[in-house]
Every structure is written in C-alpha cells, then in structure tokens.
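Have a look at the structure below before the remarks.
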Amino acid sequence: MSNIDKPRVKGRGRLRPCAICYEDRWEDASHFPRPNRKGGEVKVPLCPTHHKLLDDGRLNRSEYERLMNSGLFETNAKTVEEFIDWARSQGYDYSLEDLKRKFWGALPQPTEDICEHYFAYGSNLCRKQIQDRCPSAREFGRGSIKDYYLGFTHKSVKWNCGTADIIRREGDAAWGMIYSISNADLSVMDNKEGSNYRRIPCTVTMDYRTIPNVWTYEVIDKGQYKPSACYLNIIKCGAKRLNFPESYLQMLNGIMVQ
C-alpha cells in the first residue's frame with residue numbers, strides 16, 4: 001500500500017494526505033516535472049511544513065525515504081543518490097545542482113571535521129553562493145550579533161561597490177545565518193573574504209538560545225562606501241527568505257545605493 005492509499009482518520013479533511021506525515025487537513029502540492037518524453041508534472045501532495053522543508057533542502061533522510069516510497073515516482077530508488085541518478089537518466093528538467101539542492105538535507109554530509117560555525121550577514125546569505133564556495137556548508141539557523149550593526153566599509157574590486165561589514169554599536173543587532181562548515185572550507189572562506197577581512201569569534205543569539213564561539217568576519221581598514229543595488233538585493237533576498245524581523249527588513253530598504 002502506498003502512502004497515498006493509507007486510510008484517513010475519520011472527521012478529517014478530504015484532501016490527499018502529505019506523502020511524508022499523512023496530514024490531510026491542508027494540501028500544498030509540490031510540482032516535479034515529469035521526464036520530457038511524458039510531459040506534465042508529478043504533483044506530490046505535501047503539508048505546508050514539508051513543502052517548505054523540501055524546497056529549502058532541509059528534509060532529513062527518513063523523511064526523504066517516505067517521499068521516495070510514496071509510489072508517486074516510477075522508480076525503485078531508496079536513497080537520494082539513487083533518485084538523483086534515476087531522475088537524470090529519465091531526463092527530468094531539474095539540473096543535477098537543482099536536485100542536490102532540493103534534497104540537500106538528505107544527502108550524506110562530508111565526514112571531514114565539520115565542527116565549526118560561521119555567521120554570514122552579507123552576500124553569503126545567498127544559498128547558492130555559500131554552497132559554491134563551501135560545499136560542506138549547512139544552514140544551522142538564523143540569529144543576530146548583539147551590539148553590532150550592518151555597514152558597508154570595504155570597497156570590493158569584484159563587486160565594484162561597498163561590501164558588508166559589522167560595526168560595533170551598543171543596542172544594535174546585525175542579523176544573519178549560522179552555517180555549519182568544515183575546517184577545510186573555512187580556510188577557503190578566509191581566502192575568499194580577502195586580506196581586508198579578518199575572522200573573529202562572536203556569540204550569536206538565536207530564538208531560544210545563544211551560540212558561542214561562532215566565526216564571522218569584519219573589515220580591518222574601514223571606509224565609508226555604498227553598496228550597489230545588485231549587492232544589496234542579495235542581502236535583502238536572504239533576509240526575506242530567512243524571515244528576519246520586519247524592522248531589519250525596513251532598515252535594509254532604507255540603505256542608499258551607489
């Protein structure tokens with residue numbers, strides 16, 4: 001019996017149950033393109049929570065296995081690696097990178113020493129950029145550094161504009177994302193940030209706890225510059241995706257660009 005054929009609980013909704021948790025009071029279908037030769041889409045019934053987790057690549061392996069065993073896909077794949085290989089062989093419209101991102105939470109993680117936390121507040125809020133730079137990076141959770149604010153004190157040759165920095169000021173808070181990251185990728189990050197950024201430890205306040213000894217970066221020789229609209233938009237998109245406080249989003253909208 002597939003997940004979709006499992007009996008409903010009396011008195012609940014008439015929608016198709018979530019392929020992962022079987023919740024059927026609200027259906028929020030996720031669309032997978034069928035192989036090109038068949039056309040159309042596979043509409044996977046999911047509850048809103050698991051739809052969001054799937055799109056964010058945050059399903060764990062057991063949730064992924066329930067999805068793959070739902071009977072909705074014409075494959076005998078039992079692991080995310082097998083599914084990706086099968087999907088590619090069938091001509092799904094998703095690229096390999098898209099499929100890996102979609103099932104990022106179910107992929108085995110590198111065994112190298114992932115014991116560091118890194119706090120991103122600038123362009124590394126872009127998930128594609130951080131994964132291109134540091135493949136081991138995993139989103140740990142959003143949070144803020146107290147008594148700092150977001151500024152633009154470095155003139156980047158690459159971006160041709162001012163780039164982000166955190167500047168100490170009592171009573172402020174700089175918001176960002178904590179990533180779990182390997183030591184090897186943290187060394188890569190040191191090189192990517194450049195000689196005018198230095199890595200410093202900080203304490204990040206999350207919704208229900210504080211995380212000490214998190215690495216972040218600050219500008220050494222600070223100037224006063226304006227970001228480009230493109231660069232600032234990367235930060236805005238990350239802040240909106242991560243549901244930063246409304247006051248912080250308004251602050252970002254008020255930043256003048258060059």
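A few points about this structure:
- Whether the stretch 116-253 is rounded, prolate or oblate, judged on the alpha carbon gyration tensor where a/c under 1.5 counts as rounded: rounded
- Between S247 and R25, the FRET efficiency from the beta-carbon distance, with R0 = 45 Å, is close to 0.85.
- Length released on extending from R209 to N60, taking residue separation times 0.36 nm less the Cα-Cα span: 51.4 nm
- Separation of the alpha carbons by more than 18 angstrom is noted, of K52/K78; K52/K240; K158/K226; K128/K236; K43/K78; K146/K226, for K52/K78; K43/K78; K146/K226.
- Charge-dipole axis of the stretch 116-253 as Lys and Arg at +1 and Asp and Glu at -1 on Cβ define it, positive-most pick from P201, I178, A239: A239
Computed from the coordinates by the stated procedures, all read-outs in this text should not be read as laboratory data. Predicted, not measured: the structure shown is a model, and the values here were computed from it. We place every Cβ from the backbone using ideal geometry, glycine too, and count neighbours over all the protein chains shown.
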